[in-house]
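**Q** The structure follows.
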Amino acid sequence: MSDDTWDPDEDSPDTPGDDGVLGPEDTLSTDDLSYDPLDTGIVPPDRWSAAERYGNTPEESRRGESLDQLLAEEEPDIADDDAVSDEWEGGPDPRAGRLVAADEGVHEDTESEAIARDVGIDGGAAGAEEAAMHIIPEEEVP
């Protein structure tokens, strides 16, 4: 074996040796022997916690909340006064609902013009063609 091989049992220059001296945080020598950080205690916050909510105990969970309690937790809807209207002067006319032909789409279409009537919104699921339709007042029809 050569002299330049490393032996893990020997101290190497990269690892500090134990010189037997404790760090200040590990010693018992302090000027204030009466202070113990564990005796300080915990100061609870001054705000409401979810742990104080009704229904945390098995009895409350079994009983459930009353209607008055549920209504007391309700928060009112906030009106958006800055909401932008989709109707403006020179803008698009009101949107049409579901369009149905005069024969309600049952019979063969014999008219040369595409005429339909608005029967209202059908669950809000309009196709792209129907969504593109807008109501034009009679006086504006050419």
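**Q** Quick one: Karplus J couplings for segment 134-142, per residue in order, coefficients 6.51, -1.76, 1.60, θ = phi - 60°, nearest Hz, x for Gly and Pro?
**A** Couplings: 10, 7, 10, x, 4, 5, 9, 6, x Hz.
**Q** While we're on this one: How far apart, in nanometres, would the label points at Glu73 and Ser61 be if each is projected 7 angstrom from Cα along the Cα-to-Cβ direction?
**A** My value for the distance between the label points is 1.4 nm.
**Q** May I pose another question? First measure r as the distance between the Cβ atoms of Glu129 and Asp80, then evaluate 1/(1 + (r/R0)^6) with R0 = 25 Å and state the FRET efficiency to the nearest 0.05.
**A** That pair, Glu129 with Asp80, gives E of 0.25.
Read the figures in this text as sums done on the coordinates, not as results from a lab. Everything quoted here is computed from the prediction, not taken from an experiment. Using ideal geometry, Cβ is built from the backbone for each residue, glycine included, and neighbour counts are taken over all protein chains shown.
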